[in-house]
Structures are given as C-alpha cells and as structure tokens.
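Written out below as structure tokens is the structure these notes cover.
Every number here is computed from the coordinates shown, using simple stated rules; none is lab data. Please read all numbers here as calculations on a predicted model, not as lab measurements. Every residue, glycine as well, gets a Cβ built from its backbone with ideal geometry; the counts of neighbours run over all protein chains shown.
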Amino acid sequence: MSRQDFEKWEGRYAERSVSDPEEVEPFLGEIEAELPSVGRGLDLAGGVGRNAIYFARRGLQVTLVDVSPRGLDLASATAERVGVEIDTCALDLEVDALPEGPFDLVVCTWFLLTPEMWRAIASALAPSGRVVYVQPTTRHLERHAHPPARFLVEFEHLASTLGSAGLEPLRLEQGWDSNGAHTARVLARKASRKG
C-alpha cells in the first residue's frame with residue numbers, strides 16, 4: 001500500500017473515537033446460516049473490526065488484519081466494550097503474508113483482492129472452510145464517485161479468478177445492496193479435488 005493510502009486510513013480512523021459494532025456488511029446477515037459459528041476466523045482489511053466483532057459474537061476466534069494500527073486499536077476497544085475477544089494484526093496485504101491458518105472462515109469486504117491474494121486465502125482455508133467477499137463493482141460508479149475505478153472489481157472475471165485460486169463459488173452474485181452500493185458478493189469454499 002502506498003504511503004499516501006496508509007496515511008489516509010490512519011487519518012480517517014484518528015477522527016473516530018468509537019466503532020459501531022452493529023454496523024455489519026449486509027451480505028453477512030443474508031448468509032448467516034451458511035457460515036461457521038465455531039473455529040477460527042480471519043477478517044482481512046477489516047478496519048475498525050465491525051465484521052470481526054460480529055463473528056466473535058457468533059463464537060469464532062477471530063483475527064483482524066488491517067494496515068492501520070489506529071483502526072486496529074479502535075477495533076480492540078470496541079471488542080472489549082461489547083465483551084468479546086479478537087486478535088489484531090497490522091500488516092499490508094499487498095506485501096505481507098497472511099497469518100498462519102487454517103481458518104474456518106475468511107472474510108474480506110471493501111478491499112480489492114489480487115489473484116495472488118486469492119491463492120493465499122485458499123491456502124489458508126481449512127478443508128471445510130468458507131470465504132466471504134464483498135467488493136464494489138465497476139457499476140458502482142453509476143451512482144457514486146468513490147471508490148475510484150482502480151479499486152473496483154469486474155464481476156465478469158470473478159468466477160475465473162476464484163477457479164484459478166482453487167475456490168468454488170457457492171454464491172456469486174452482484175447488485176445494489178441495502179446501503180446503495182453496487183457490490184459483488186461471494187461465498188466460496190475450497191474446490192473439491194477430483195480423481
């Protein structure tokens with residue numbers, strides 16, 4: 001991540017004193033029954049921990065990864081306030097390795113994953129684990145100016161990207177969500193080995 005992007009996130013989180021643990025990605029509520037409630041979870045680029053706290057409340061042992069130490073501090077304070085534990089890890093997903101797996105659940109929302117990152121996620125996933133991904137698509141720009149196009153996913157390429165990483169989509173959809181964002185929404189697992 002560029003120094004400019006790092007400073008942007010640090011500055012944005014410096015303006016906040018609390019995180020709202022009830023503000024969870026809408027897709028997670030839709031697929032709640034399909035997700036594990038025990039085991040290890042990994043929340044990538046999770047910022048102030050809204051999704052990590054949600055999964056910790058469900059019973060998972062969650063590690064929250066983000067580039068911003070300030071965001072992670074806010075997440076830890078919020079988790080303590082609501083009575084759950086999360087582990088935090090400051091790292092840059094563009095250059096650093098993921099924490100050691102296996103994980104029963106890996107979640108990444110509003111962060112553009114590269115093919116290399118998808119492969120790393122598949123490697124860190126437990127055999128019966130699940131991956132949840134939510135990212136604005138290029139259609140998001142029809143109604144919103146941000147994030148810029150370089151941070152948006154092209155939905156048409158997601159299926160092949162998942163397949164190349166060794167992941168099988170259980171749900172692969174796009175559309176306008178309840179927050180007015182046009183997102184790609186993925187629920188996937190490790191592809192079964194044939195032969």
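Search the structure for amide H atoms under 5 Å from the amide H of Thr88, placed 1.01 Å from N in the peptide plane, and list their residues when 5 or more places away or on another chain.
Sorted by chain and number, the residues that satisfy this are Leu64.
Of all beta bridges DSSP finds with both residues in region 43-190, what is the antiparallel percent, to the nearest 5?
On the way: 15 of 31 bridges.
Around 50 percent antiparallel, to the nearest 5.
Which order results if Arg58, Arg185 are arranged by neighbouring Cβ count within 10 Å, fewest first?
Arg58, Arg185
For Ser164, Ser178, what's the fewest-to-most ordering of other Cβ within 10 Å of each Cβ?
On the way: Ser164 12, Ser178 9.
Going from sparsest to densest Cβ surroundings: Ser178, Ser164.
Considering the dipole of the chain built from charges on the beta carbon (Lys and Arg +1, Asp and Glu -1) around the Cα centre, which of Leu72, Pro169, Ala124 is farthest to its positive end?
It is Pro169.
For the chain, what is the relative contact order in percent, using Cα pairs closer than 8 Å and at least 6 residues apart in sequence?
On the way: 367 pairs, mean separation 34.2, N = 195.
Over the chain, the number comes to 18 percent.
Enumerate the helices in the chain for which the Kyte-Doolittle hydropathy averages -1.0 or more and the C-alpha atoms extend at least 15 Å along the helix's axis, using complete DSSP H runs. Intermediate values should be presented prior to the final figure.
Values: long enough: 3-14 (16 Å, -2.07); 69-82 (20 Å, -0.16); 155-165 (16 Å, 0.42).
Helices meeting the criterion: 69-82, 155-165.
Taking neighbour Cβ counts within 10 Å as the exposure measure, how do Val62, Val67, Val106 sort from fewest upward? Write down the numbers at each step before the final one.
On the way: Val62 29, Val67 21, Val106 26.
Placing the least packed residue first, the sequence is Val67, Val106, Val62.
Stokes-Einstein at 25 °C, 0.890 mPa s, Kirkwood radius from Cα pairs: D for the chain in µm² s⁻¹? Walk me through the intermediate numbers first.
Numbers: Rh = 16.9 Å.
D = 145 µm²/s.
Using a Gaussian network model on the chain with a 10 Å cutoff between Cα atoms, which of Arg130, Arg70, Arg171 fluctuates the most?
Arg171
Mind checking the full-extension length gain between Asn179 and Ala97? Use 0.36 nm per residue of separation minus the Cα-Cα distance, one decimal, nm. Can you show the working numbers first?
On the way: separation 82, 0.36 × 82 = 29.52 nm, distance 3.18 nm.
Result: 26.3 nm gained on full extension.
Tell me the Rg and the Dmax, in Å, that the Cα atoms of region 79-195 produce.
15.3, 50
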